[in-house]
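Structure record follows, encoded as structure tokens.
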Protein chains: 2
Amino acid sequence: MGEHMRLSLDILSVDRGSDDPMHRQIYGALRRFILDGHIAPNTILPSTRSLAEDLGVGRNTVIAAYDQLLAEGFIEARAGSGTWVAHIKQDKQRATPRPPTSGGQLRLSSRGKTIVDGPQPPRSAGVINFYPGVPETASFPFSIWSTLLARNARSRDESLLSYLDFAGHPGLRATIASNISVSRGIDCTPEQVIVVTGAQAALDLVSRVLMDEGDHVWMEEPGYLGAKTAFLAAGAKLAPLKVSHRGWNLADPELPPPRLIYVTPSCQWPYGTIMRIEERLQLLDIAQRHAAWIIEDDFDGEYRFRGRPVPALRGLDDANHVVYIGSFGKTLLPALRIGYLIVPHELVESFDKAVSITGQFAPLILQATVNDFIKQGYFATHLKRMRRLYARRQANFVKLCREHLGEWVTVSENDSGMQLLARFTQPLNDFDVVAAANKEGLDVQAVSINYHSTTPEHGLLLGYTAMDDRQILRAVLALRAAFMRLAKD
Amino acid sequence: MGEHMRLSLDILSVDRGSDDPMHRQIYGALRRFILDGHIAPNTILPSTRSLAEDLGVGRNTVIAAYDQLLAEGFIEARAGSGTWVAHIKQDKQRATPRPPTSGGQLRLSSRGKTIVDGPQPPRSAGVINFYPGVPETASFPFSIWSTLLARNARSRDESLLSYLDFAGHPGLRATIASNISVSRGIDCTPEQVIVVTGAQAALDLVSRVLMDEGDHVWMEEPGYLGAKTAFLAAGAKLAPLKVSHRGWNLADPELPPPRLIYVTPSCQWPYGTIMRIEERLQLLDIAQRHAAWIIEDDFDGEYRFRGRPVPALRGLDDANHVVYIGSFGKTLLPALRIGYLIVPHELVESFDKAVSITGQFAPLILQATVNDFIKQGYFATHLKRMRRLYARRQANFVKLCREHLGEWVTVSENDSGMQLLARFTQPLNDFDVVAAANKEGLDVQAVSINYHSTTPEHGLLLGYTAMDDRQILRAVLALRAAFMRLAKD
């Protein structure tokens, strides 16, 4: 069958002091020798008994090593004929390391490039954070949350351990369906609620399931960058649906027939405007006329400080074209990664199936815990506290901006939302301001990143909700220092 | 400006017993009247004072209702001119409910249809579960897990609350990178580990980023249905890479040049075969020649009962074309929804960005807890116990199959994996067997669902890991009853 060979102790030795078991060392060394071509194919290996003697180890140790090599195809054996090295066809070149493959060969797909090349907000991590859309976490009832979560984590309840509830935990879906009727005026069944790993996943899922490459999407201009990125990743052609403080320019003759229309009617991002009832009805008519879907992103519709939250567009009659996106990221914690869609009846089955393929489902124990948190009243209490807190913080923040930043920006109160637009009173480039702010250790968003095709307004989108009064003062003063630094440069 | 109108108590009344606050009731009634056209545009509303008197409520109550209507654009107001109903343009038809939109109008996109129309394993929920790939949960150390999770859930550590670590918790990424060198022979840096919401999400992400619509994907035949579904959802053209007990038919001349090659080399699904070293080297050469990516799905490579787990394909030299997919679903709990990719250096940034857009990221507190679980040694202990337990269960299961099912199937031991293939000894259709099993309350997988383009072998893919000895016996007897039922029909 081949040539006998004797493995000398010089090349194959075992280190008794090593953590690696001896059979593993023998296996590893032989594997390496065979791969590198130091032991030729058809070489007959010593018997387990003789190798064991040579190495001064037990025979079982060698048997274990040979078994593993056998299982992986490095050696072959037949009863009575001994054990030999398998004939492993490989290129001569393989023995010498190859030059690293060029970028041109190892490439992303075109779709991959589209996904990856999309615009993204810069991820800086300033010492002080003025970033929009970040909720207060200090007041979050961590100990209650932890207790509820621990209880579910201990539970051996099959409903928390299964694979099957792709579209969400049945209890949470029912709770969302019943609560959203009161909080957002939406009537839906639990089945219409599809739980996913957050609003971003919802946007991604919707754009994959409801539009094709090259389809026109009306995107608010200015509008939320994360939505834009999801649509672009799905190959959308974006058409700017212009928004100003006065409202949505739905009658713009330059808009092509849409396949999808993305809006934030409860609190427009970044302006904070509420969509008026007339515009809502107009929008539904447009969607119906074009058989288009409306994506209603209700990212912080729960935060209205005067009066009650404005009912969702989805809650109107004839709103069957609307897919609603909600999230617990801003009402509880962003890191929870739980958001949801409310889809029309006829899409329930499709979304259930789609989410089982895309894997954008939130872990059941977190879903069950959010459900407990809501049902035991903690959610309502927390939300009420946060509304009061944010209203107070906003008033204080606006006052401080007027006191310290009046020279550079105007900031107006808003009844809704977790961030305010600071408009420049001087011709400044907001990227310059952001750069200067970063130097002061301040993380802040240029509002111009939310413009996609028209000349941007420059300003800052300032999140004030995550900071206490002292932190807000510090941040405002840091921003003041940034403006002064900029004036000097 | 318009006609004064007096709202009579007949149409607008408040219910003091209701849970709904009175201002909310007034708002809701007026909103509805305006939407339904019962109050015409330009109608001047009574002053807040007079309406409050009429209704017998406080003036602030009416003011709150009017404010909300004002914010939503239902009414308008000017200082000194009173409050009137806004002119809301809407179709005449809107007053009467429309016929439900036809399916042709409200449709999925073509891509959505492709995603949704893909094949899926039937989701039955039998009383007894023989489903493959389901780990034992009874032995899971729930109380340790719960304690670790509760600690992280209480933590106000910013690293667990942030938005930014899209590609995974830095600690877990480092731990995976250092452990996988020992357990699977893979050398990688923490950055190369991309944590996602499970293996399915990993497959979906890979097929979106690394292939385009119409690209050829070599798919194991038979092979894992979830992978097939992900590739089809991304528009792949599947080419069958035929697998038998003898191995992978890599030299099949009918295979087109691939863009992606999907393999399960540690434990082929459904056969349980280990890919031999010669095939591994051949596969790497093919990938290099075609500049194709290899997707190594290592779904249960940790479960090898004799010897040690076989090193991953990714661990070989020159394996830079390999994207490795691992998961904690089978080693810990499926419901955790934590899996990971190990990607080549040059793809790190792309995957980090892609996952921030697709939202397939696992919640940080779960990731941190898995990290604690591993670092404190519980993972290794659990895995070792499970290996021993599954080895014992497999032996018992094979024995019981021989005793009670020998007439219909042959089941052979396998050193690897969490399921065994039961081959029919008679010409039976496995869907018939599944249907008969379902009637006995038994959940079982037809192996033919893993065939995509060739004539399937019929048989059952039986998961034996989630059941104790008594449950296995019961399931085997139920299966026996199913076969007997089938013989009678």
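Of all residues in region A:285-312, those that are closer than 24 Å to residue A:212 by Cβ and more than 11 Å from chain B (Cβ to nearest Cβ) total 5.
Set side by side, the residues B:417, B:406 differ, and just one is on the phi > 0 side of the Ramachandran plot and either open to solvent by less than 30 Å² (accessible area, probe 1.4 Å) or away from chain A (no Cβ under 14 Å) (or both), which is B:417. Residues in region A:240-284 that are open to solvent by 20 Å² or more (accessible area, probe 1.4 Å), more than 10 Å from every other protein chain (Cβ to nearest Cβ) and outside any loop (DSSP other than H, G, I, E, B): A:240, A:242, A:244. From the list B:78, B:59, the lone residue that is surrounded by fewer than 19 Cβ atoms within 10 Å (Cβ to Cβ) and either touching a residue at least 40 places away in the same chain (Cβ under 8 Å) or under 21 Å from residue B:15 (Cα atoms) (or both) is B:59. Considering region B:296-320, the residues that are charged (D, E, K, R) and touching a Ser or Thr at 6+ places or on another chain (Cβ under 6 Å) include one that is nearest to residue B:414 (Cα to Cα), namely B:304.
Take the residues in region B:340-366 that are touching a strand residue (DSSP E or B) at 6+ places or on another chain (Cβ under 6 Å) and within 10 Å of chain A (Cβ to nearest Cβ); name whichever of them is surrounded by the fewest Cβ atoms within 10 Å (Cβ to Cβ). Across region B:340-366, the extreme among qualifying residues is B:362.
Scanning region A:42-56 for residues that are part of a loop (DSSP other than H, G, I, E, B) and open to solvent by 50 Å² or more (accessible area, probe 1.4 Å) turns up A:42, A:47.
Here is a yes/no grid of residues against (1) farther than 30 Å from residue B:146 by Cα; (2) in contact (Cβ under 8 Å) with a residue 60 or more places away in the chain; (3) aromatic (Phe, Trp, Tyr):
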| site | (1), (2), (3) |
| --- | --- |
| B:394 | no, yes, no |
| B:397 | yes, yes, yes |
| B:400 | yes, yes, no |
| B:408 | yes, yes, yes |
| B:413 | yes, no, no |
| B:419 | no, yes, no |
| B:427 | yes, no, no |
| B:435 | yes, no, no |
| B:447 | yes, yes, no |
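How many residues does region B:131-182 contain that are in contact (Cβ under 8 Å) with a residue 40 or more places away in the chain, among the hydroxyl-bearing types (Ser, Thr, Tyr) and more than 9 Å from chain A (Cβ to nearest Cβ)? Matching residues across region B:131-182 total 3. Among residues belonging to region B:185-221 that are of a type in the set (D, E, K, R) and away from chain A (no Cβ under 13 Å), point out the one that is farthest from residue B:352 (Cα to Cα). Filtering region B:185-221 for residues that are of a type in the set (D, E, K, R) and away from chain A (no Cβ under 13 Å), the one farthest from residue B:352 (Cα to Cα) comes out as B:221.
Restricting attention to region B:1-41, the residues being modelled with pLDDT of 80 or more, among the basic types (Lys, Arg) and either surrounded by fewer than 14 Cβ atoms within 10 Å (Cβ to Cβ) or more than 47 Å from the chain's Cα centre (by Cα) (or both) number 2.
How many residues are of a type in the set (S, T, N, Q) and open to solvent by less than 20 Å² (accessible area, probe 1.4 Å) if we restrict to region B:285-312?
Total satisfying the criteria: 0.
Confirm whether residue A:370 is surrounded by 21 or more Cβ atoms within 10 Å (Cβ to Cβ) and either closer than 24 Å to residue A:477 by Cα or modelled with pLDDT under 95 (or both). Taking the combined requirement at face value, the residue does not satisfy it. Hey, can you tell me all the residues within region B:301-331 that are farther than 23 Å from residue B:419 by Cβ, of a type outside the set (Gly, Ala, Ser) and part of a loop (DSSP other than H, G, I, E, B)? Once the filter is applied, which keeps residues that are farther than 23 Å from residue B:419 by Cβ, of a type outside the set (Gly, Ala, Ser) and part of a loop (DSSP other than H, G, I, E, B), region B:301-331 yields B:316, B:317, B:318, B:320, B:321. Would region B:161-171 turn up any residue that is open to solvent by less than 10 Å² (accessible area, probe 1.4 Å) and outside the structural domain of residue B:390 (by TED's automatic domain parsing)? Yes: region B:161-171 contains one or more residues that are open to solvent by less than 10 Å² (accessible area, probe 1.4 Å) and outside the structural domain of residue B:390 (by TED's automatic domain parsing).
Of all residues in region A:354-379, which are closer than 19 Å to residue A:188 by Cα and among the charged types (D, E, K, R)? Matches in region A:354-379: A:375 only. The set of residues in region B:198-224 that are aliphatic (A, V, I, L, M) and open to solvent by 10 Å² or more (accessible area, probe 1.4 Å) contains only B:199.
Here residue B:329 clears all of (1) touching a Leu at 6+ places or on another chain (Cβ under 9 Å); (2) at pLDDT 90 or above; (3) surrounded by fewer than 24 Cβ atoms within 10 Å (Cβ to Cβ) except the condition numbered (2). Could you please let me know if residue B:322 is of a type in the set (A, V, I, L, M), at pLDDT 90 or above and within 22 Å of the chain's Cα centre (by Cα)? Taking the combined requirement at face value, the residue does not satisfy it.
Considering every residue within region A:85-108, establish whether at least one is modelled with pLDDT of 85 or more, open to solvent by 30 Å² or more (accessible area, probe 1.4 Å), over 30 Å from residue A:62 (Cα atoms) and in contact with a Lys or Arg (Cβ under 9 Å, 6 or more places away or on another chain).
no
For region A:244-279, the set of residues classified as among the polar types (S, T, N, Q) and under 23 Å from residue A:230 (Cβ atoms) consists of A:249, A:264, A:266, A:268, A:273, listed by residue number.
The values are calculated or read from the model by the stated rules, or taken from the named source; none is laboratory data. No experiment lies behind these values; they were computed from the predicted model shown. Glycine gets a Cβ as well: all are built from the backbone with ideal geometry, and neighbour counts include every protein chain shown. Please note that ligands, DNA and RNA were not included when accessible areas were found on the heavy atoms of the full protein model with its side chains. Shrake-Rupley method; radii C 1.70, N 1.55, O 1.52, S 1.80 Å.
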